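Read the structure below first, then the notes.
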Amino acid sequence: MAQTYHSNFDGGEKELVALGLVEGKSCQTSAVYLIPYGESASTQGAIADAKSRIEGTVFLTDVAIDDKLWLEFGYSVQCILVTATAYGEKRDSVPQQ
């Protein structure tokens, strides 16, 4: 059974379909376990990364969010991981080249 979502989003009726499973992450590294550098790990960043994985994604469903911490010699890495199903507009088949 195909999964579809009907909406009158933006005033026009659209049929959105499941495009596939996506994963996204947002990470930050800390030197000597205490001195962070770079952007902070964020749920918003991980969700944006997941949405960017399949072109045409409008929204995500069945979202699972996890937090991981890896300790290495002299540094650590913290990541927010997102797994979800991407939904977007039904696309025609890609033209052959």
I'm trying to understand the selection: among the residues of segment 49-59, which are in contact with a strand residue (DSSP E or B) (Cβ under 7 Å, 6 or more places away or on another chain) and at pLDDT 95 or above?
ASP49, ALA50, LYS51, ARG53
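Grab the strands (runs of 3 or more DSSP E) fully contained in segment 20-97, keeping just those with 3 or more residues being without any contact (Cβ under 8 Å) to a residue 40 or more places away in the chain and not basic (Lys, Arg). If you could, list the steps in order and put the result at the bottom.
Details: elements: 35-37, 57-72, 75-89.
Fully inside segment 20-97 and qualifying: 35-37, 57-72.
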Identify, please: which residue in segment 1-48 is under 20 Å from the mean Cα position of the chain (by Cα) and on the phi > 0 side of the Ramachandran plot and is, among those, modelled with the highest pLDDT?
GLY20
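The values are calculated or read from the model by the stated rules, or taken from the named source; none is laboratory data. Quick caveat, the model's predicted, so the values are computed rather than measured. A quick note on method: Cβ atoms are made from the backbone with ideal geometry, for glycine too, and the neighbour counts reach across all protein chains shown.
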